[in-house]
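Visitor: Just dropping this structure here.
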Amino acid sequence: MNIREWDKKISKKEKNRKSFGPVFVVYILLAFIILFTYSSLNLKNIDYGYKMQELISKTKVLNEEIDKLKAVRANLLNLDRVEKIVTQKLRYQHPKPEQFIKVFEE
Amino acid sequence: MVRKSGADKVLILSVLLMLLFGLLMVYSSTMILAKEKYGDSLFFFKKQIIFLVIGLFLMTFIALFKYPIYLNKNVVIFIMVFVVAGLIMVFLTGKINNSYRWIRFAGISIQPSEFAKIAVVLYMSLILGKHNSDVNNLRKLFVLLLPVLAIELLILKEPDYGSFFLILLIVFILLFVSGIKLKYLFASFLVLVPFSAIIIMLNPERLTRVLAFLNPEKYYNTIGYQAAQSIYAVGSGGIFGQGLGNSTQKLYFLPYAYTDFIFSIISEEIGFIGAFALIVLFAIFLIRGIAIAKFSGNKHTYLLVIGLTFMIVAQALINISVTIGIFPTKGIPLPFISIGGSSLVATLLICGIILNVSRHRKMVLINE
Amino acid sequence: MTIKGTLKINKSERNRTFIVFTFFGIWMLIIVVFLIKLQVFNYEKYTARIKAQSNRIFKLHPKRGTIYDVHGEILAISVKTKSLFLSNKNKDQSLALFKQLKKKISLTYKKQRDIFKRIKKGRNFIWIKRKLSEREFLRLSKIKKNKDYKSVIDYIEEYKRVYPQRQLASHIVGGVGIDEQGLSGIEYELNSDIIGKGGKVEVLTDAKHRVFDLKYIDKPIPGKDIYLTIDNSVQYFVEKELSRVVKTQNAKGGTVIVMNSETGTILAMASYPFFNPERISKTNKNVIKNKAISFRYDPGSTFKVILAASALENDICYPQQVFNCYNGVYKIRDRTIYDVHPYAKLSFEDIIIYSSNIGAALIGQKIGKRKYYNSIKEFGFGAKSGIKLPGEEKGTLHPLKKWSSVSIAYLSHGYEVIVTPIQMIRSFNVIASGGYLIKPVIIDRISGIQNIDKEKVKIMDRSTLQRISSIMTDVVNIGTGKKTKIAGIDIAGKTGTAKKVKGKKYRKIYVSSFGGFFPAKNPKITMFVVIDEPKNQFYGGDVAAPLFKSIAEKLLIYLRIFPELDEKNEVRI
């Protein structure tokens, strides 16, 4: 094969490639961006999953805490205890019948 | 007369595809981890991009060399000396993950063994490609191989069995291609196989590794864990995979999912289709590499390109073979894909050299 | 730069390259074959492996619903607690550890010995104490932090039923066992509602056991919250007064039921002795029984209200009709009926007001078996009231054919019939509610849904009601129930003192009772009081009536029902 023919053959081939190459690169980059976005969506899904589960478990703990506090509150409102405080500590007494008054508004 | 032709475009495209593919997989396999560890989901991704840019710059730089200085004897010897120095400096840095592999330098870590691979191929092609070299002159060959032996021993000392085995493989391939008599080759095998067997037997850790490889389920809780998890990941990918980003194995089940075991995550997320496509890309790379070598027209560049091409592909195949349980775990990254600055830069340097040769092929034709 | 002095590539080199290339090709092929094997043929196997390590299925235990009073005050609530267990790996270590543990938590001696035995036997899993109190848990934290013991003791989270009001309304609320199963009261009756339904959840976890995805296989249904009609405050002072009276009378027990006259909802229902639901497992079964719905007794004179209602409703008597009361001794066949205070003659009204047994017997005979029987049935005797509480007794009302010739005389003043307090208050409430037999209601709403399980049957005429009501008011004003009288307010009621049967014979042990409602003209509250075996006094008018009064006084204030007051207590502004 003579060099000139070879040269021509090569340059023809290269011309085709030149027009094809950059377009191909753009396609690849485009595909990359799409795939990147797609995978980042999936990854965020997992990431938010973690966060959500963390928050859910926090809610659970807080709800349990609320229940405990409710129980504590109810314990404090135990009527025996309240009565003791009222009658013994604060020295309140039950009203006697004659202590009732009826108020008329005129 | 020197005439330039464009660099090999198919090779460039396949490399580009693999690089972008790698970036994608690095992002996918590290996002959750990076967010937890560094608070930045793009931590590893950004790092990889920086090395990618450095690597691409170096690749272009080398590909555009007017004169192939990598063929120059003095340059090659200089690189060899540099690499050996690096491999010695490794021992001053201290152990990371139970081995001396890294040099810390101005805030970045460099892995000299990655560059040693290139140096060895440069050196081998130099000594075998010379007009007066006779590969079958054993005494001379032995003397010439001494620097390679030194590098191999240093790498063995690190220890980095993956690189050791890879360099050994390439040296044999180059010797084989450059026409060494088969009986010498067999003879050296006869020496090497018992030798390596003894080395393995002497070290209980290595022995269990091999045993774990032979029976991964039994060693599942200890050393076989990683291998088993890798196979689970690959197997659960099926034909079409779980979808990009959907791997569950990377969520701490599979250690080093983003370096040595990234192929497992690829298989899990994109399934057989993705894994097969990647292997095809490496096959294209191999074929183009051999074609470039053939067209380069002289023995020195031929051996150089053959060596470099086979090395990258061999590394890839070793890595993949490990992830699917054909080979025992080695600690060797997947070229173009795995995280790792040194590996990526070294791989792109290799591509730069191959591309530079491909640009000069017509020059050789004219010489003819 | 031209490359000089290099060798051309010869055929052998290219051939050898091809051999290496072929070797690589085969290598790739092997890899592909392996991939096909793993990903296509073994896909299911490895998917299962991955599922096994990242998918976990959890059982979800539902939280038991909360029980509230009508105003939303908590009567029973479940809170998460920790239960301590020991993994017995090393006996000596376990024993040493347990010696430390028992200092920090309260354990009975028997339990301690039990645990010692179990450790020595080498059981693996040993409960140390279930449902620790908050204080015990805090005290244990130091031991738990100790590295040697870290893996030996651990906690399991469990719900614990807490009753903040202790014994308050214990018979209504009931209690639960160690596994939160309802044992008595509402806890038992509505167990299936309160308990909810457990669920199953499948979670995806990473290797660090952190969950990142969750899918319900079986959605759990949380236990429903129950709102009772009970008013904690009313219940409180009812219980307080009841226990005071039972103690001063040295009685065996007692029951008070307070009911909204119009709707039949129970405001308070107390039976002495009370118990603490948290200690239900250690409580005597007899104590746990809700006597308000299960105490069977002869009603005695309170039953005369039914008699009077029957007589008037059937137009057999009129209030002023006079009866000969035989001076307190009335022979009928081989039996004799006595009056406590002998009377020669009494009007129909006065028979009720002064509670003459003889008069009642005469009225009964006048009404006749069949009509009286029908009236008693209409008033709901011999049948369960249908209140949503477990363990209700239906009493005994013999069918007509079993009545002897004297039965009518005895049934007239409340013998030969066995009733329960809830039946009595329901029958009294017929008069208070304007003639309706109403099913007593104890549940106000379940999880916000109003209880619509209501039954109301009109069985009496308004004119009859007014007459009975005025007779009952006179019982309090001038009759046997004088000790109930509260200035400025009309209370209608009836006393009862009945002998109890012991060993098939009526003995001198009594059940004193008083039932009534107020204000008589426009009844708001119906109440029934029963004291079982009072020892110091025994007449209903002496034992039950004052208790009725003391509760009524408080109720009036609490419910803002103000009596007509004296001039001096009126302030004009």
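Visitor: For segment B:250-277, enumerate the residues that are facing chain C (nearest Cβ under 7 Å), buried (at least 24 other Cβ atoms within 10 Å of the Cβ) and within 14 Å of C:Thr47 (Cα to Cα).
Guide: Of everything in segment B:250-277, just one residue is facing chain C (nearest Cβ under 7 Å), buried (at least 24 other Cβ atoms within 10 Å of the Cβ) and within 14 Å of C:Thr47 (Cα to Cα), namely B:Ser267.
Visitor: Residues that are crowded, with 18+ Cβ neighbours inside 10 Å, at pLDDT 95 or above and of a type in the set (D, E, K, R): does segment C:396-418 have at least one?
Guide: no
Visitor: Please pick out the residue among C:Ser447, C:Ser412 that is among the polar types (S, T, N, Q), in the same structural domain as C:Val305 (by TED's automatic domain parsing) and farther than 21 Å from C:Ile363 by Cα.
Guide: Matching residue, one of C:Ser447, C:Ser412: C:Ser447.
Visitor: For the list (1) within 19 Å of C:Arg426 (Cβ to Cβ); (2) among the hydrophobic types (A, V, I, L, M, F, W, C); (3) open to solvent by 50 Å² or more (accessible area, probe 1.4 Å), I need the number of the one condition that C:Ala487 fails.
Guide: (1)
Visitor: Next question. Restricting attention to segment C:507-538, which residues are open to solvent by 90 Å² or more (accessible area, probe 1.4 Å) and in contact (Cβ under 8 Å) with a residue 24 or more places away in the chain?
Guide: C:Lys521, C:Lys524, C:Lys535, C:Asn536
Visitor: Which of the helices (runs of 4 or more DSSP H) found entirely inside segment B:92-178 contain at least 2 residues meeting this: modelled with pLDDT of 85 or more and farther than 19 Å from B:Ile79 by Cβ?
Guide: It comes to B:138-157, B:161-177.
Visitor: Would you mind telling me which numbered condition in (1) at the interface with chain B (Cβ under 10 Å from one of its Cβ atoms); (2) at pLDDT below 90; (3) open to solvent by 80 Å² or more (accessible area, probe 1.4 Å) A:Lys9 fails?
Guide: Evaluating A:Lys9 over (1) at the interface with chain B (Cβ under 10 Å from one of its Cβ atoms); (2) at pLDDT below 90; (3) open to solvent by 80 Å² or more (accessible area, probe 1.4 Å) leaves (1) as the failure.
Residue-by-condition table, conditions (1) buried (at least 24 other Cβ atoms within 10 Å of the Cβ); (2) within 12 Å of the chain's Cα centre (by Cα); (3) under 24 Å from B:Leu122 (Cβ atoms):
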| residue | (1), (2), (3) |
| --- | --- |
| B:Ile318 | no, yes, yes |
| B:Thr323 | yes, no, no |
| B:Ile326 | no, no, no |
| B:Leu334 | yes, yes, yes |
| B:Ile339 | yes, no, no |
| B:Val357 | yes, no, yes |
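Visitor: Could you count how many residues in segment C:243-262 are open to solvent by less than 10 Å² (accessible area, probe 1.4 Å) and within 23 Å of C:Ser385 (Cα to Cα)?
Guide: Number of matching residues: 8.
Visitor: Which of the residues that make up segment C:311-334 are among the aliphatic types (A, V, I, L, M) and without any contact (Cβ under 8 Å) to a residue 40 or more places away in the chain?
Guide: C:Val322, C:Val329
Visitor: In this structure, does B:Lys294 turn out to be over 19 Å from the mean Cα position of the chain (by Cα), surrounded by 21 or more Cβ atoms within 10 Å (Cβ to Cβ) and of a type in the set (Lys, Arg)?
Guide: No: the conditions fail for B:Lys294.
Visitor: Go through A:Leu62, A:Leu69, A:Leu55, A:Leu43 for me and flag whichever is modelled with pLDDT of 90 or more, within 14 Å of chain B (Cβ to nearest Cβ) and either part of a helix (DSSP H, G or I) or surrounded by 14 or more Cβ atoms within 10 Å (Cβ to Cβ) (or both).
Guide: The conditions single out A:Leu43.
Visitor: Take the residues in segment B:25-38 that are out of contact with any Ser or Thr (no Cβ under 6 Å at 6 or more places or on another chain) and surrounded by fewer than 24 Cβ atoms within 10 Å (Cβ to Cβ), then tell me which one is farthest from the other protein chains (Cβ to nearest Cβ).
Guide: Top of the filtered list is B:Tyr38.
Visitor: Does any residue of segment C:113-122 turn out to be in a loop (DSSP other than H, G, I, E, B), open to solvent by less than 20 Å² (accessible area, probe 1.4 Å) and in contact (Cβ under 8 Å) with a residue 24 or more places away in the chain?
Guide: no
Per-residue answers, yes or no, for (1) without any contact (Cβ under 8 Å) to a residue 60 or more places away in the chain; (2) open to solvent by 80 Å² or more (accessible area, probe 1.4 Å); (3) in contact with a Pro (Cβ under 7 Å, 6 or more places away or on another chain):
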| position | (1), (2), (3) |
| --- | --- |
| B:Lys130 | no, yes, no |
| B:Ala150 | no, no, no |
| B:Asp160 | no, no, no |
| B:Ile173 | no, no, no |
| B:Ser196 | yes, no, no |
| B:Leu202 | yes, yes, no |
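Visitor: Scan segment C:81-89 and give yes if some residue there is within 14 Å of chain A (Cβ to nearest Cβ) and not in a strand (DSSP E or B), otherwise no.
Guide: There is no residue in segment C:81-89 that is within 14 Å of chain A (Cβ to nearest Cβ) and not in a strand (DSSP E or B).
Visitor: A further question on this structure: Among the residues of segment B:302-316, which ones are more than 7 Å from chain C (Cβ to nearest Cβ) and either open to solvent by 10 Å² or more (accessible area, probe 1.4 Å) or closer than 30 Å to C:Leu38 by Cα (or both)?
Guide: Once the filter is applied, which keeps residues that are more than 7 Å from chain C (Cβ to nearest Cβ) and either open to solvent by 10 Å² or more (accessible area, probe 1.4 Å) or closer than 30 Å to C:Leu38 by Cα (or both), segment B:302-316 yields B:Thr309, B:Met311, B:Ile312, B:Ala314, B:Gln315, B:Ala316.
Visitor: Provide a single number: the residues in segment B:265-278 that are in contact (Cβ under 8 Å) with a residue 60 or more places away in the chain and under 23 Å from the mean Cα position of the chain (by Cα).
Guide: Count: 3.
The values are calculated or read from the model by the stated rules, or taken from the named source; none is laboratory data. This is a predicted model, so every value here is computed, not measured. Please note: Cβ atoms are built from the backbone with ideal geometry, for glycine as well, and neighbour counts cover all protein chains shown. SASA here: full protein model, heavy atoms, side chains in, ligands and nucleic acids out. Shrake-Rupley method; radii C 1.70, N 1.55, O 1.52, S 1.80 Å.
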